[in-house]
Structure formats: structure tokens, C-alpha cells
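Working notes for the structure below.
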Amino acid sequence: MTSYDPLHGPGEEPPFPASLDGELKLTREYLDKVATANIHDHNAMLRAATGLNYRIRSLVAALDAERGERR
């Protein structure tokens, strides 16, 4: 048992990734959005980190789907 709540469960993937091109576009847009976040604002950094985690996981799921792979 851990003394914290994990960001996500083991093997948990985004339910329905967009196409690879769509996920790449969304990831780039999110990177642009969080690039201006204040590194001294703890809440802004938490939001950026969790959002980036989701975007990257979605991008990887789209790559796996395009390759016909499943985790």
C-alpha cells in the first residue's frame, strides 16, 4: 500500500486515442500552452505535468494503434 494516490493505475491507457496525426497536433498545442507556465507556481506545474502525462500517454496509444500493437 502506498501513502499517496498515483496519477494513474498500472496499464491504464487513454480510452480512445485520436489518430496519430491528431494526437501529435494536440500534443504540440499543449506543449505551446504550457511553455508559458510559471515555474514558481506549484499549481501551474502540477496542471502542466498531469496534462503532459495525459497527452504523451495518448500519443503513445495512437502510435501503438497505428502499428497494430496493444499493451
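The values are calculated or read from the model by the stated rules, or taken from the named source; none is laboratory data. Keep in mind that this is a model prediction, so the values were computed, not measured. With ideal geometry, Cβ positions are generated from the backbone for all residues, glycine too; neighbour counts draw on all protein chains shown. To get the accessible areas, we keep the full protein, side chains included, count just its heavy atoms, and leave off ligands, DNA and RNA. Shrake-Rupley method; radii C 1.70, N 1.55, O 1.52, S 1.80 Å.
Based on what the data block shows, is T50 of a type in the set (S, T, N, Q), open to solvent by 100 Å² or more (accessible area, probe 1.4 Å) and at pLDDT 90 or above? Judged against the criteria, T50 is not a match. Looking at region 11-37, I want the residues that are in a helix (DSSP H, G or I) and of a type in the set (A, V, I, L, M) and have a partner that is modelled with pLDDT under 95 and open to solvent by 100 Å² or more (accessible area, probe 1.4 Å) with Cβ atoms under 7 Å, at least 6 apart or on another chain. Which pairs are those? Within 7 Å, the pairs are L20/E66. Once region 38-56 is narrowed to residues that are assigned to a helix (DSSP H, G or I) and of a type in the set (V, I, T), the residue that is farthest from the chain's Cα centre (by Cα) is T50.
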